[in-house]
Amino acid sequence: MIFYHFGKYILLLKSVFRRPEKASIYKREIFKEMVDIGLGSLGIISIISIFIGAVTTVQTAFQLVSDLIPKSIIGSITRDSTILELSPTICSLVLAGKIGSSIASQIGTMRVTEQIDALEIMGINAPGYLILPKLLAGVLMIPLLVIIAIFLSITGGYFAGVASGAVTAAEYIQGLTTDFIPFTVTVAMVKAVIFAFIITTVSSYQGFYTDGGALEVGQSSTKAVVISCISILVADYIIAQLLL
């Protein structure tokens, strides 16, 4: 059963990347999806990122019970855990719930109301027209959201650490700048691009092959979120194993 769905998924992707009929229509749809995915998700990503950084700093300070360990290590731990894992993975899981369910329900509704059938009768490549703009917009905007999430998490950790007295501003900044490895940012961006691809394509697949009515649209939306989250966690492990 898994291989059957994986084969349908690959065939759908093959249809998605066919040559577009009219590039100007795709261009307009891509910009529309970029606004929906990027600006539409900025608020929730900002709130989550600030509190993730704050909680990481406070809990790290709580666990440092030895006076032999410098307080600046709190900034280093917050920086590395935020860049490598928390921002790309947690934000992608949240986006899988927000963006993935929206994509699956949107395309699923078009399927059950026979709008996709109408597109195909008119000779339009329905997978390309419906999925490709979402895919490109996700691959472009989700890495930008992850960059913003990293910055806000580190900033949230700074304010939480200073406000709680767990670390001084100078010690936190010293920890941020000590032994920084730029490759960790590259790993975070690789994760963000792959997670964006998973979220948009898996959700589109679930919506595109919805069969039935309104109840099945809701089920497709739920499956899109669950499968996207599981796929993100599996991909997270594989990327970490390969690149780190």
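So is residue 167 closer than 29 Å to residue 83 by Cβ, part of a loop (DSSP other than H, G, I, E, B) and open to solvent by less than 60 Å² (accessible area, probe 1.4 Å) or not? I'd like the intermediate steps shown before the answer.
Values: closer than 29 Å to residue 83 by Cβ: yes; part of a loop (DSSP other than H, G, I, E, B): yes; open to solvent by less than 60 Å² (accessible area, probe 1.4 Å): yes.
In short, yes.
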(message) I'd like the full set of residues that are assigned to a helix (DSSP H, G or I) and either within 24 Å of residue 220 (Cα to Cα) or more than 21 Å from the chain's Cα centre (by Cα) (or both), limited to region 170-191.
(response) 170, 171, 172, 173, 174, 175, 176, 177
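So which residues in region 14-63 are of a type in the set (Lys, Arg) and not in a loop (DSSP other than H, G, I, E, B)? Spell out the reasoning first.
Pass one, region 14-63, residues of a type in the set (Lys, Arg): 14, 18-19, 22, 27-28, 32.
Of everything in region 14-63, those that are of a type in the set (Lys, Arg) and not in a loop (DSSP other than H, G, I, E, B) turn out to be 14, 27, 28, 32.
Among 90, 103, which is within 30 Å of residue 218 (Cβ to Cβ), out of contact with any Phe, Trp or Tyr (no Cβ under 6 Å at 6 or more places or on another chain) and without any contact (Cβ under 8 Å) to a residue 60 or more places away in the chain?
Numbers: 103 fails: without any contact (Cβ under 8 Å) to a residue 60 or more places away in the chain.
Sole residue among the options that is within 30 Å of residue 218 (Cβ to Cβ), out of contact with any Phe, Trp or Tyr (no Cβ under 6 Å at 6 or more places or on another chain) and without any contact (Cβ under 8 Å) to a residue 60 or more places away in the chain: 90.
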(message) Here are the criteria: (1) open to solvent by 10 Å² or more (accessible area, probe 1.4 Å); (2) closer than 30 Å to residue 75 by Cα. Tell me which single one residue 153 does not satisfy.
(response) (1)
(request) Give the residues of region 67-126 that are assigned to a helix (DSSP H, G or I) and of a type in the set (Ser, Thr, Tyr), sorted by residue number. (result) 76, 78, 81, 82, 87, 89, 92, 101, 102, 105, 109
(message) Here are the criteria: (1) closer than 22 Å to residue 26 by Cβ; (2) of a type outside the set (A, V, I, L, M, F, W, C); (3) modelled with pLDDT under 95; (4) open to solvent by less than 20 Å² (accessible area, probe 1.4 Å). Tell me which single one residue 143 does not satisfy.
(response) (3)
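Does residue 65 meet the test of being in contact (Cβ under 8 Å) with a residue 24 or more places away in the chain and farther than 25 Å from residue 227 by Cα?
Considered against the rule, which asks whether it is in contact (Cβ under 8 Å) with a residue 24 or more places away in the chain and farther than 25 Å from residue 227 by Cα, residue 65 comes out as no.
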(request) For region 111-130, indicate whether the set of residues that are under 26 Å from residue 45 (Cα atoms) and touching a residue at least 60 places away in the same chain (Cβ under 8 Å) is non-empty. (result) yes
(message) For region 196-207, give me the residue count where each residue is open to solvent by less than 10 Å² (accessible area, probe 1.4 Å) and either closer than 20 Å to residue 2 by Cα or outside any helix (DSSP H, G or I) (or both).
(response) 6
(request) Please work out which residue is modelled with the highest pLDDT, limiting yourself to region 19-60 and to residues that are over 26 Å from residue 94 (Cα atoms) and in contact with a Leu (Cβ under 9 Å, 6 or more places away or on another chain). (result) 26
(message) Among the numbered criteria (1) over 20 Å from residue 149 (Cβ atoms); (2) open to solvent by less than 60 Å² (accessible area, probe 1.4 Å), which one does residue 5 miss?
(response) (2)
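Based on this model, can you work out whether residue 156 counts as of a type in the set (Gly, Ala, Ser) and at pLDDT below 95?
Considered against the rule, which asks whether it is of a type in the set (Gly, Ala, Ser) and at pLDDT below 95, residue 156 comes out as no.
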(message) Being of a type in the set (Asp, Glu) and touching a Pro at 6+ places or on another chain (Cβ under 7 Å) is the filter here; which residues of region 1-42 pass it?
(response) 29, 33
(message) Where the second residue is part of a loop (DSSP other than H, G, I, E, B) and the first is open to solvent by 50 Å² or more (accessible area, probe 1.4 Å) and lies in region 20-34, which pairs have Cβ atoms under 7 Å and are six or more apart or on separate chains?
(response) 21/124; 21/125
(message) Here are the criteria: (1) part of a helix (DSSP H, G or I); (2) modelled with pLDDT under 95; (3) among the β-branched types (Val, Ile, Thr). Tell me which single one residue 227 does not satisfy.
(response) (2)
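Go through region 126-176 and count every residue that is among the aromatic types (Phe, Trp, Tyr) and more than 21 Å from residue 38 (Cβ to Cβ).
Quick first cut of region 126-176, residues among the aromatic types (Phe, Trp, Tyr) only: 129, 151, 158-159, 172.
Narrowing further to those that are more than 21 Å from residue 38 (Cβ to Cβ): 158-159, 172.
Matching residues across region 126-176 total 3.
The values are calculated or read from the model by the stated rules, or taken from the named source; none is laboratory data. Quick caveat, the model's predicted, so the values are computed rather than measured. Don't worry about glycine lacking a Cβ; one is built from the backbone with ideal geometry, like all the others, and counts go over all protein chains shown. With ligands, DNA and RNA removed, areas are computed over all heavy atoms of the protein, side chains included. Shrake-Rupley method; radii C 1.70, N 1.55, O 1.52, S 1.80 Å.
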